[in-house]
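What follows is calculated from the coordinates using simple rules that are stated; it is not laboratory data. In this text the structure is predicted, and so the values were computed from the model without any measurement. Here Cβ is always computed from backbone atoms with ideal geometry, including for glycine, and neighbour counts include all displayed protein chains.
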Amino acid sequence: MSVNDPCSGELVEPETVYVVKDNVLYEYTEVDYGNLDDEEESDDGLNIFPPVIGRLPTQAEITKSQSLAVPPGVEIAADATLPPPAITPPTACIDVPDPPPDNFQLSTNFVLSDLSSKTVLSKNRVTASGGLTVQEIVCNLQAHAQNICEPLAAAYGRSNMTITSGFRLGGGSSQHDKGQATDIQFLGKSNTDVYNIAVWVRDNLPYDQLIYELGGHFPWLHISFNRNGNRPSSASNKFGTRISAGSYVWGSLNNIS
C-alpha cells in the first residue's frame, strides 16, 4: 500500500532496507520503522509514516496501521530510578558551508551523513527546518554526536550502533526536525540488552530526552540532546518507554520481552 512522501506529497511504496550485521541479514520494512513519529508530541498513534497531522486518518491508513501492529510483550522489569541532575555541556559550533558536505566531521567517529543522509531509514540531507538554519541544525547534530553518540560508541562499540534516523524532514514538532535527536538500534541484541543500554544512558549521559521504544520487530532508543539546555531531571517526560504506537509510560524504563 502506498503512502505519502513527507517531502513531495507523492504516493510512494514503503521502502525495504537490508542491513548485514555480523553475517546476519536484517530486513527493515514498515513494521520496523513505520512510527518514525516516535515522540509523544508527534506520535499519531498509527504504525505508518508520515504521521497524520491536522486531520483524521483515512480507513485505509487505519487498516494499514492495524496490519503493521506488533503486540506488546510481557513486562519483566520496570526501573523508575531518577536520573542524575541534568547538565548541558557547551558546544563549540564549527562553521559549515550551505549545503554542508556529507563528510563534515561532527566528532571523532561520526560524520554528518551518519546522522542525516545515510541513516538506515530516513536519509534526509540537512536543510533549514523547524525554524532553524542549516548552520544551527548542523551544530545541533555536532553537539549530539559529541555528547550522545561518542559515549555510546565508547561503551558499546561504534560497529554495534545502527542509526536508523537522525535529522529528518517532518511536521516540525519532532526534535529530529531540528537535528536534536537520533534513533539508534543495536542489531542482534535482545530487548533486555537494549533495555540495559537504555538504563545506562539514563544514568550516565547528558541527554535531553530518552525513550526506550517498542512497537516494531526491533527495539530502539530515541535520544535527544538540546545544546540550549536539556530539560531538567524532574521533567515528567525526561525518560520513559514507548509500549506501542501512541502509548507511553513516562518516568519508567520497562523491560518487555
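Annotations
- Taking a straight Cα-Cα cut-off under 24 Å and skipping sequence neighbours fewer than 8 places away in the same chain, the lysines within cross-link reach of LYS64 are LYS123.
- Fraction of the pair-distance distribution of the range 44-98 above 16 Å, Cα-Cα pairs, percent: 69 percent
- Taking VAL201, VAL249, VAL74 and counting other C-beta atoms within 10 Å, the order from fewest to most: VAL74, VAL249, VAL201
- Backbone N under 11 Å from the SER252 label point (7 Å along Cα→Cβ), restricted to the range 199-235: none
- ARG55 sits among other residues whose Cβ lies under 13 Å from its own Cβ, and their net charge, with Lys and Arg +1 and Asp and Glu -1, is -2.
- DSSP-defined antiparallel bridges as percent of all bridges, the chain, nearest 5: 90 percent
- For ASN140, the shell of other residues with beta-carbons less than 12 Å away shows a net charge of -1, using +1 for Lys and Arg and -1 for Asp and Glu.
- Within-14-Å neighbourhood charge of GLY251 [Cβ basis; K, R +1; D, E -1]: +2
- Choice from GLY54, GLY179, GLY240 with maximal GNM fluctuation in the chain (Cα, 10 Å cutoff): GLY54
- Relative contact order for the range 23-136: 14 percent, from Cα pairs under 8 Å spaced at least 6 residues apart, divided by residue count.
- With a simple spin-label model that places each label point 7 Å from the Cα along the Cα-to-Cβ direction, the separation between ASN23 and SER234 comes to 5.4 nm.
- Candidate lysines - alpha carbon under 24 Å from LYS238, same-chain residues fewer than 8 apart omitted: LYS178
- Dividing the summed -39500 (n - 2.57) terms of all DSSP H runs of n ≥ 4 by the residue count of the chain sets its mean residue ellipticity at 222 nm at -5000 deg cm²/dmol.
- When only Cα pairs below 8 angstrom with a gap of at least 6 residues are kept, the chain shows a relative contact order of 21 percent.
- The label-point distance for ASP98 and ALA86, in a model that sets each label 7 Å from Cα toward Cβ, rounds to 2.9 nm.
- Candidate values (i) 13.1; (ii) 20.2; (iii) 14.9, label of the one derived for mean projected area of the Cα convex hull in nm²: (i)
- Cα centroid separation, the range 70-109 to the range 198-222 (Å): 10 Å
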